[in-house]
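The values are calculated or read from the model by the stated rules, or taken from the named source; none is laboratory data. Here the structure is a predicted model, which is why all the values come from computation and not from measurement. Every residue, glycine as well, gets a Cβ built from its backbone with ideal geometry; the counts of neighbours run over all protein chains shown. Each accessible area value is taken on the protein alone, full model and side chains, heavy atoms only, with ligands, DNA and RNA left out. Shrake-Rupley method; radii C 1.70, N 1.55, O 1.52, S 1.80 Å.
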Amino acid sequence: MAFDIAKIRKRFVSLYLFLESAMANFLNIENLTKSYGDRLLFGDVTFGVNEGDKIGVVARNGTGKSTMLSIIAGNEDADSGNIVFRNGIRVGYLPQEPEFVPGATVLSAALDNDDPMAAAVREYTLAMASGDTARTEEAVHTMDLVNAWDYEDRMRQLLTRLGLPDMTASVDRLSGGQRKRLAIARTVMCNPDFLILDEPTNHLDITTIEWLENYLRRSRATLLMVTHDRYFLDRVCNKIIELDDTSVFEVEGNYDMYLRRRAERIEAMTAELARVKNTLRREQEWMSRQPQARAGKAKFRIDNFYDLKERARRTHTERNVKLEASSSRVGSKIFEAEGVSKRFGEKIILDDFTYTFAPGEKLGIVGVNGVGKSTFIKMLQGLVPQDAGVWNVGETVKFGYYSQDGISFDRNKRVIDAITELAEDIELKEGQHIAPMQYLQRFLFSPADQQKYIFTLSGGERCRLHLATVLMRQPNFLILDEPTNDLDIVTLGILEEYLADFKGCVIVVSHDRYFLDNIVDHLFVMEGNGVVKDFPGNYSDYRAYLDEQERQPSAEATPKVKDQPQRRQTERPAKMSFKERKEFEALEAELEALNTEKSELEAFFASGDASSSDFGVKSQRYAEIGDIIDEKELRWLELSEKA
């Protein structure tokens, strides 16, 4: 009997590839559907997650990202569909709002997970406290069996690294950022094969975000996460899944690649829609020309006509927030801080802080959680009193304050009623006026959404409503405290464009590095103990500066005096100050104008048709310009060395 070796080899290779693919597959999702009432979040969603994938899920607020992760993690039921994990893999889930046992300590809450080593440590602690010899011996045996003797020590080290050194503190007294860090420690210490993370960067300071980013990049764990942090997506993920129009779209690559593929997809959809409408127009004419009786028409063409009509209705519309609220005029005097100091007990927020704010300035404030960033901006507005010093605020300054604490409306009011109470008429740019209902539609609140009670809104919807109330008052000085929490990526991009064109002043407290890079021209770095450093540049510039400082020999570092607070409000690195940066930019424009004028005068002298009176005046001006250019070029060179 003859054997076809080539055919056997081909079948063997196919079988090997099939088995390899099956082994690599961690999760299969088939036809997943979820709705609330008559609102469909997603329908018939199907995708897979392979071992080693690091997937970011992106979508607009309210499209069901968090719901989908909760269903996958087994915390919520789907309407239909199948979720199949590979047998034997350990899954870790970080919810957007982590929950802990009320009254638990930080350490006990961190150990409250499904890890066998954590369970062994818990049982050993209880056995020792009970005094039961048999139970203790069994607990010791289990500790040996799962090798858990150093687990608690490693958990303590991780909690300390994440800024939670007090293991006995009650979880009930932790801030939002501290609770998120505790939840991260509890999740990653389980050493899961598959991590499901819902908004892991929310409420975290930049230092912790960068630690988590590096951890996930190095980790061999497979990852499925929802986040709006664009740098995080770009640096961690190798695949992006977009949830849009109740369906999913997968892109291989990081966030930057996803943006390019998304633009191509939208362009193709727009072209396809135009083609469908042109075909529909011809078919409509054919239908109109035929007799009313349908029997004489080709059935397949009639069916095709109605199919085209349905496809033409499915237009791809980019529902974006429209930020067009105008700002009132601001005078030359903005505000000045003179010798401002503030402390809470032993904790120093500001120490003899002095600064003059310039018109058009866009400032970012960064620092670890709890250093006093929110207190700083509340003091500026008079919401928190200072211990010493004064804030001199210009008479024309009109603050617009977006607080991370959210809106202060009565939660039992409807959205439209809350806005109408503030204003019956809203002014936009160029003197345009609109009604509150129209204004809310610009922030993606449909007429039906405007009838919702505030307590029913999602986190993203509350953020959009909060932003609407801030901008409708026409502020000329915007203060934004963590504006990126709960806003989707598309809305963040639109907010960035708005702030870039905003004619007034802006202060931004944010952990979103991408947002800071696109908005601010300098930073206040609050280092604690009253120290505020003024850094000329955005966050990436500052990060590069820190990396450079770390590469310097330790002997060159200036020793810090821990016992005494530093009293200077702006300890600048050897770079341009904010005012010098503005001067440098102005010099470039002035030199360009002077050189242009000089060239025009040289052309005048070379023409040969100038009158004697003109020649004398212009000769004097030519000599003046030469002196001015020499002086300004010298100053430009001095500043360029700092740049």
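List of remarks:
- Only aspartates and glutamates eight or more places from Lys34 in sequence, or on another chain, were considered; those with a Cα closer than 19 Å are Asp44, Glu76, Asp77, Asp79, Asp198, Glu242, Asp244, Asp245.
- Length-normalised contact order for the range 157-239 - Cα pairs under 8 Å, 6+ apart - percent: 29
- For Asp488, distant residues with modelled amide H under 5 Å away: Asn61
- Fully extending the segment from Asp521 to Glu588, taken as 0.36 nm per residue of separation minus the present Cα-Cα distance, adds 22.4 nm.
- Shape class for the range 225-264, computed from the alpha carbon gyration tensor (a ≥ b ≥ c): oblate, with a/c not under 1.5 and a/b at or below b/c.
- Accessible area of Lys342 in the full protein assembly, 1.4 Å probe (Å², nearest 10): 20
- Karplus 3J(HN,Hα) series, Hz, for the range 66-74 with 6.51 cos²θ - 1.76 cosθ + 1.60 (x for Gly, Pro): 5, 4, 5, 5, 5, 5, 4, 6, x
- In percent, rounded to a whole number, the relative contact order of the range 18-81 is 35, using alpha-carbon pairs under 8 Å and six or more apart.
- The Cα atoms of the range 25-167 give a gyration tensor whose axes a ≥ b ≥ c have a/c of 1.5 or more with a/b greater than b/c, which makes the shape prolate.
- Gain on full stretching of the segment that runs from Arg543 to Val368 - 0.36 nm per residue minus C-alpha separation: 61.6 nm
- Maximal additional length on extending the Trp391-Arg262 stretch stands at 41.7 nm, based on 0.36 nm per residue less the C-alpha distance.
- Shape call, the range 423-469: gyration tensor on alpha carbons, a/c limit 1.5: prolate
- Subset of Lys333/Lys378; Lys342/Lys582; Lys347/Lys378; Lys180/Lys413; Lys239/Lys533; Lys333/Lys598 violating a 28 Å alpha-carbon distance limit: Lys342/Lys582; Lys180/Lys413; Lys239/Lys533; Lys333/Lys598
- For the range 207-224, 3J(HN,Hα) computed residue by residue from phi via the Karplus equation (6.51, -1.76, 1.60; θ = phi - 60°) reads 4, 5, 4, 5, 4, 5, 4, 5, 4, 5, 5, 7, 5, 8, 5, 6, 10, 10 Hz, glycine and proline entered as x.
- Along the range 241-247 the Karplus relation, 6.51 cos²θ - 1.76 cosθ + 1.60 evaluated at θ = phi - 60°, assigns HN-Hα couplings of 10, 9, 9, 8, 6, 6, 10 Hz to successive residues, with x for each Gly and Pro.
- FRET efficiency, Asp150 to Glu252 (Cβ-Cβ, R0 41 Å, nearest 0.05): 0.55
- Relative contact order [Cα under 8 Å, 6+ residues apart], the range 98-183, whole percent: 44
- Accessible surface computed residue by residue for the range 335-396, with neighbouring protein chains in place and a 1.4 Å probe, gives 41 Å² per residue.
- Cα→Cβ-extended label distance, 7 Å offset, between Thr354 and Met167, nm: 4.7
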